[in-house]
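The values are calculated or read from the model by the stated rules, or taken from the named source; none is laboratory data. Just so you know, these numbers come straight off a predicted model, no measurement behind them. As a convention, Cβ positions derive from the backbone with ideal geometry for all residues, glycine included, and neighbour counts pool all protein chains shown.
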Amino acid sequence: MLRSAFKDMRAYYRIFGYLTQRKGTVLLYALFTLCSIFFSIVSIGMLMPFLQLIFTGEGSAITQSSNQLLQSINNYLHQSIASVGKVHTLKLICLLMTGFIIGKNLFLYLAYYVLNPLKHQLVNRLREEVYEKVLQLPIGYFTEKKKGDLISRMTNDVYEVEVSLIGTLEGWIRDPLTIIITLTVLFLISPQLTLFILLLIPVLGLVIGRITRSLKRISQEVAIRFGETLSVLDETLSGLRVVKAFRIEALLTNKFKESNRRLLDSRNRIGYRRDLASPLSEIMGVAVFTGVLYYGGRLVLQHQLLEASAFIGFLGIFYNIINPAKALSTSFSNMRKGSAAINRIEEILNAPLVVEEAKDAITLTGFSQGIEFKNVSFSYGDKVVVENISFTIPKGKTVALVGSSGAGKSTLADLLPRFHDVTSGEILIDGCNIKSFTLDSLRKQMSIVTQEPILFNDTIAGNIAMGDTLANASAIEHAARIANAHDFILKKEEGYATNIGDRGAKLSGGERQRVTIARALVKNPTILILDEATSSLDTESERLVQEAINHMMHERTSLVIAHRLSTIRHADEILVLQQGKIVERGCHEALIACNGCYKKLVDLQELR
């Protein structure tokens, strides 16, 4: 049990690292806890002089004890009775007991007062680190993971760590201290009885350990099932129109119910084992208490070095161990359960940053010549997506990428802002490898407009200003005018202050795309990446968006991925890609004259 517990403890090195940064708070909590334990033991220990006073008849002598601690109490009691009498001594004992209990609870409150903010800060810190790491991870990481599973790790698993681990943080210090100090006091009262207890406690730990051993495995299963359920929910909400149009409500309902049923089964199994630990530990605690009662009672009845009052006081102090021991066993159980959650979180936090910034990276403030892709190749694992591609985009010029789906166009465009890093070859700006620049300064030079307009649940102005958080109202309006968005924005009831809803649901497709163009423009980039920005629009919206794009591309260096070939007729160079390779290149007229792949693509679209 100890070996597995130590193994689980190692999973929490990050939490312990947080704690070492707040050593002062932890030490203050430990100090208040020690004071609370001291007052608790003394308040219960006051039973001994009280019982000694009751058991000693009027005028009879105080019995002699071989135990030095008890003898000191007896001597004090004898002096008090001699000076103020038994009634006043009893009153003094009662007042002292009350005072010590007040002191115990006061320090207990102070301990919680110090610890609770620390626990909440640990959870916030962990949640923030996970979120920050998600933003740092390369885009390729998310193509391999289910969104629902990632959300589950960032929400359910962090909550599990909060409840199962940090929620019992006080027990890591309080319960062991209580047990150690209490056992020390018990040893001073009766070494024989204390040794008897120490022989029984490992049996309790062994039984509880066997019950909780499977909690980690089942906890991992619960987390996986929860992620599956979230994935089904996310797919349903994202594709609700398709769900209704194809009448697959029943199919998805059954899928969700099955996923939810598996989650329920896993949670039930973990609940059975977790809930068994508490009553079992209580039963074992009562069994130990009964054994102590029998063994200690024999010592008293046989007059073997233990007075009746001392034995009852011993039982009172010993009972002070049962709840901490039970809480400690529950803490170990929770740690076993929580270690599964923190392992899943650690998978995100320890995921390698494939796209890393060089230690001596320099700041890119602009460029004067152009961008060069030099023998660039890129692979996802064993799958080659882009192979040995070379081309140049002179400053202020436009290069267009065309080809069938899966030809590698979007992947090639993603290499420029370093969403992925090239597998071989290099991308140069003014002859310098883009890896030599800081990521922030590199991406600051670029704006991206994608086929699917990505907007946030904010106002129109708020979404446009995401291109430049320092942009004022005048700059936002100027960008909107160039993007052909100003007129429709003014027609909204609240104008630029209109909230556009989740993913811009309150706007039409053309309106959403023009807002994203305004967002790109307000940044005033030197490099534009346009990924099929008009392919999903109707004719009228396409015309307005294309006009906005033409304004935006003026005197800017542009890399354009085109689905509708009519939109790139005036590109300075067009690259035709097939299976990750350039099969044709040239201007529109030259490629038409070649009567090759590009000509076939144009003819197909004209037939449509």
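Tabulated data
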{"quantity": "Matching residues in the range 568-600 - criterion: being more than 14 Å from PHE391 (Cα to Cα), surrounded by 17 or more Cβ atoms within 10 Å (Cβ to Cβ) and in contact with a helix residue (DSSP H, G or I) (Cβ under 6 Å, 6 or more places away or on another chain)", "calculated": "LEU591, TYR598"}
{"quantity": "Lone unmet requirement of (1) surrounded by 19 or more Cβ atoms within 10 Å (Cβ to Cβ); (2) at pLDDT below 70 for LEU237", "calculated": "(1)"}
{"quantity": "Qualifying position, being touching a residue at least 12 places away in the same chain (Cβ under 8 Å), part of a helix (DSSP H, G or I) and out of contact with any Ser or Thr (no Cβ under 8 Å at 6 or more places or on another chain), among ASN116, ASN156", "calculated": "ASN156"}
{"quantity": "Test: ALA548 is at pLDDT below 75, touching a strand residue (DSSP E or B) at 6+ places or on another chain (Cβ under 6 Å), buried (at least 23 other Cβ atoms within 10 Å of the Cβ) and under 25 Å from LEU412 (Cα atoms)", "calculated": "no"}
{"quantity": "Any chance ILE500 is closer than 23 Å to ILE549 by Cα and buried (at least 17 other Cβ atoms within 10 Å of the Cβ)", "calculated": "yes"}
{"quantity": "Verdict on GLY140 being at pLDDT below 75 and over 30 Å from LEU353 (Cβ atoms)", "calculated": "no"}
{"quantity": "Helices (runs of 4 or more DSSP H) wholly inside the range 1-111 containing at least 3 residues that are modelled with pLDDT of 75 or more and surrounded by 15 or more Cβ atoms within 10 Å (Cβ to Cβ)", "calculated": "23-45"}
{"quantity": "From the options ALA461, ALA480, residue that is assigned to a helix (DSSP H, G or I), touching a His at 6+ places or on another chain (Cβ under 8 Å) and hydrophobic (A, V, I, L, M, F, W, C)", "calculated": "ALA480"}
{"quantity": "Test for GLU606: is it in a helix (DSSP H, G or I), at pLDDT 80 or above, among the charged types (D, E, K, R) and more than 21 Å from THR450 (Cβ to Cβ)", "calculated": "no"}
{"quantity": "Only one of LEU150, LEU92, LEU135 that is outside the structural domain of ARG418 (by TED's automatic domain parsing) and more than 22 Å from the chain's Cα centre (by Cα)", "calculated": "LEU92"}
{"quantity": "Restricting the range 418-440 to residues that are of a type outside the set (Ser, Thr, Tyr) and in a loop (DSSP other than H, G, I, E, B), the residue that is surrounded by the most Cβ atoms within 10 Å (Cβ to Cβ)", "calculated": "VAL422"}
{"quantity": "Residues of the range 387-411 satisfying the condition of being in a strand (DSSP E or B) and polar (S, T, N, Q)", "calculated": "ASN388, SER390, THR392, THR398"}
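Residue-wise test of (1) surrounded by fewer than 17 Cβ atoms within 10 Å (Cβ to Cβ); (2) of a type in the set (S, T, N, Q); (3) modelled with pLDDT of 80 or more; (4) assigned to a helix (DSSP H, G or I).
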{"residue": "GLY171", "(1), (2), (3), (4)": "no, no, no, yes"}
{"residue": "LEU177", "(1), (2), (3), (4)": "yes, no, yes, yes"}
{"residue": "VAL185", "(1), (2), (3), (4)": "no, no, yes, yes"}
{"residue": "ILE197", "(1), (2), (3), (4)": "no, no, no, yes"}
{"residue": "VAL203", "(1), (2), (3), (4)": "yes, no, no, yes"}
{"residue": "ILE208", "(1), (2), (3), (4)": "no, no, no, yes"}
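Matching residues to (1) of a type in the set (D, E, K, R); (2) more than 22 Å from ILE139 (Cβ to Cβ); (3) under 39 Å from the mean Cα position of the chain (by Cα):
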position	(1), (2), (3)
GLN369	no, yes, no
LYS374	yes, yes, no
SER377	no, no, yes
TYR380	no, no, yes
ILE389	no, no, no
VAL402	no, yes, no
SER405	no, no, yes
LYS409	yes, no, yes
